Amino acid sequence: MVRDGFFYGLGFAIVAVIVWYVSHMVWLVALPLVLAWFFMWFFRDPSRNIPSEPGLIVSPGDGKVEELEWIEFPDGGRLRATIFLNVFDVHVNRVPVGGVVTLVEHHEGRFMNAMKPESAVHNEQTLITIDAGGYTVSFKQIAGLLARRIVCNLKVGDRVERGQRMGLIKFGSRVDVLMPAETNPRVKVGDRVKGGSSVLGQLPQGGQS
């Protein structure tokens, strides 16, 4: 469990004790106990089996694949996967590829519904780029309507491993992953994925990471 789960859970548990001490009414105690359970469940951090085959790009988060498309940038094409995390998904984020972190940029912004395409531009977000050796992969942590805090534990120069925990987005949100244009997709729109273990794509000839 993420530390935040203990913080929120313990806080509501203390409230429940105080309410019981003051009122001795079970129905009044039920609400803070339910909230304590919810927050401890929400901040769960299950272990994952990380695939080891070369050239794989794994999902940075749990959720549903909402978009999968090739898009053009000034420096070339990319395959973009958009994954929406609802309030019931695990919100711990993981690194999609092993390599060296070359960019970490946090942008303040709005808190629009993460299902809207424009949220990728206007919402609060953190962009991370990783040099995987011969190719780069970028991904964004994007805040949603309920998400009010993005946590990223990476900094430029860090060496990371595929599937490594790197932060979280509190409550509903999305992650976008930008992969090389030659990536062979291993998911389709509508698929549900798990952070660190579900493969989004594979580089031809296995890549180098």
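How much length would be gained if the chain were fully extended between Val22 and Trp37, taking 0.36 nm per residue of separation minus their Cα-Cα distance, in nm to one decimal?
Numbers: separation 15, 0.36 × 15 = 5.40 nm, distance 2.15 nm.
Extending this stretch completely gives an extra 3.3 nm.
Calculate, in nm to one decimal, what Lys188 and Lys155 gain on full extension: separation in residues at 0.36 nm each, minus their alpha carbon distance.
On the way: separation 33, 0.36 × 33 = 11.88 nm, distance 3.11 nm.
Full extension from Lys188 to Lys155 adds 8.8 nm.
Ranked highest first by average number of other Cβ atoms within 10 Å, how do 15-27, 50-62 line up? It would help to have the intermediate numbers written out before the result.
Details: 15-27: 12.2, 50-62: 20.4.
Output ranking for 15-27, 50-62: 50-62, 15-27.
How would you rank 98-104, 67-73, 173-179, highest first, on the average number of other Cβ atoms within 10 Å across their residues?
Details: 98-104: 17.1, 67-73: 12.4, 173-179: 25.7.
Per-residue Cβ counts within 10 Å, averaged per peptide and sorted highest first, yield 173-179, 98-104, 67-73.
Using a 1.4 Å probe and counting only protein heavy atoms, arrange Ile14, Ile150, Ile83 so the residue with the most accessible area comes first. Intermediate results must be reported in sequence, preceding the final value.
On the way: Ile14 90, Ile150 25, Ile83 0 Å².
The most accessible residue leads, giving Ile14, Ile150, Ile83.
Could you give each residue of region 179-184 its phi-based ³J(HN,Hα) in whole Hz, using Karplus coefficients 6.51, -1.76, 1.60 with θ = phi - 60°, and x for Gly or Pro?
10, x, 4, 7, 5, 8
The values are calculated or read from the model by the stated rules, or taken from the named source; none is laboratory data. This is a predicted model, so every value here is computed, not measured. Positions of Cβ are backbone-derived with ideal geometry, glycine not excepted, and every protein chain shown enters the neighbour counts. The accessibility values were calculated without ligands, DNA or RNA, using every heavy atom of the protein model including side chains. Shrake-Rupley method; radii C 1.70, N 1.55, O 1.52, S 1.80 Å.
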